[in-house]
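Presented below is the structure to which this report refers.
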Amino acid sequence: MSTESSTYNIAVLAGDGIGPEVMNVTLSLLDATAKKHGFSLGYSEQPVGGAAIDDVGKALPQSTVDACEASDAILFGSVGGPKWESLPPAEQPERAALLPLRKHFGLFANLRPSVCYPTLTHASPVKESIIAGGFNVLCVRELTGGIYFGEPKSISEVDGEEMAIDTMVYRTSEIDRIARVAFTAAQGRGKKVTSIDKANVLQNGVLWRRTVEAVAKDFPDVELSHLYVDNAAMQLINRPKDFDVVLAPNLFGDILSDEMAMIAGSLGMLASASLGKAKGDGLYFGLFEPSGGSAPDIAGKGIANPIAQILSAAMMLRFALGEAAAAENLEAAVQKAIDDGFRTGDIYREGDAANKVGTEAMATAISERL
Ligand code: IPM
Ligand code: MG
């Protein structure tokens, strides 16, 4: 049957821990959103991570990669857990599934919006005087280079003892393209980029800073500043509201985005998009996943916060499918559910005049506000 409306093909990789349960409610919400906005979504559910190791003996089966290749976007849950921690490092879910997926699809731009809603500032461990009114910082993290992937990388024996080597490598072109993502994002929001490096010690930092400064010339409307990563760790907690877009190399972005998540209140709220090169139509192929992990301690209990997964799906609608109105609708429904007092355990605080709910009830509250 042919229809006028678009049908998108999504590779769904729910993975381990809380992945499947938050994915489940997210797919229902996505369907409701799609229906309202006149398009439809087809899902190809594929094993990944520990679940795939158990099923077929590999964290990233070729059939999963093939399904991702045939899709318009990848919606990812989370991978890993205690069950697979004793495997050799190279076979563990994080290293054997997530990193190869990022590399295979050239997903060099990781966008992690750290949003602290004004009605949720009490969930943050940072004192009210610092975060009153909430904040919104976007971390733009380089995702396919730096010390995560540089060669040589080894553990070998030297002079009778073991020696580990990781190598931080960046080329101008890699810094240039991620910097352009950050400056372009800043143009659409607070028009400030803070670039993170360690230029007082690392050669990588020198090249990073020089390249970012060159890119800045093409964006005269955006204000650029630089911070050494150690100082940035302090300033983010001391004055989070002063930041707009934070641009960072892979490892520094990994660390600072967790810090920003905590300042915002809960990792359970934070979405992310890992994007490749822009396609001709202004859209991106990407992998959309919560910034947090598989949270094995609460998996299967129906209490996980599904919002990070839901907001990652909203980013997918916007960046990969070009369904911006649907994305805004979903994001607004999340905010409304929060404003109306719905709280999963991670964002509930004793004494809250709020409605403490589990995964399904939170999703229902959001669905009712679409
Ligand atoms: C993240 C995670 C991953 C990373 C791990 C699971 C490999 O911490 O997405 O931030 O280090 O990139
Ligand atoms: Mg991380």
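Out of curiosity, is Leu247 surrounded by 24 or more Cβ atoms within 10 Å (Cβ to Cβ) and closer than 25 Å to Lys198 by Cβ? The answer is yes for Leu247. Anything in segment 40-58 that is touching an Asp or Glu at 6+ places or on another chain (Cβ under 8 Å) and open to solvent by less than 10 Å² (accessible area, probe 1.4 Å)? List them, or say none. Selection gives Gly49, Gly50.
Checking each residue in segment 225-254 for being over 15 Å from Leu111 (Cα atoms), touching a residue at least 40 places away in the same chain (Cβ under 8 Å) and not hydrophobic (A, V, I, L, M, F, W, C) picks out Asn238, Arg239, Pro240, Lys241.
Considering every residue within segment 342-350, establish whether at least one is assigned by TED's automatic domain parsing to the domain that holds Ser71 and within 20 Å of Ala185 (Cα to Cα). No: segment 342-350 contains no residue that is assigned by TED's automatic domain parsing to the domain that holds Ser71 and within 20 Å of Ala185 (Cα to Cα).
Looking only at segment 93-110, decide whether some residue is out of contact with any Lys or Arg (no Cβ under 6 Å at 6 or more places or on another chain), of a type in the set (Asp, Glu) and either in contact (Cβ under 8 Å) with a residue 60 or more places away in the chain or within 30 Å of Asp244 (Cα to Cα) (or both). The answer is yes; a qualifying residue exists. Here the condition is being modelled with pLDDT of 95 or more and at positive phi; of Gly17, Gly42, it holds for Gly17 alone.
The values are calculated or read from the model by the stated rules, or taken from the named source; none is laboratory data. The model shown is predicted, which means the values in this text are computed figures rather than measured ones. Here the Cβ is made from the backbone with ideal geometry for all residues, glycine too, and neighbour counts use every protein chain on show. All accessible areas refer to the heavy atoms of the entire protein, side chains included, with ligands and DNA or RNA removed. Shrake-Rupley method; radii C 1.70, N 1.55, O 1.52, S 1.80 Å.
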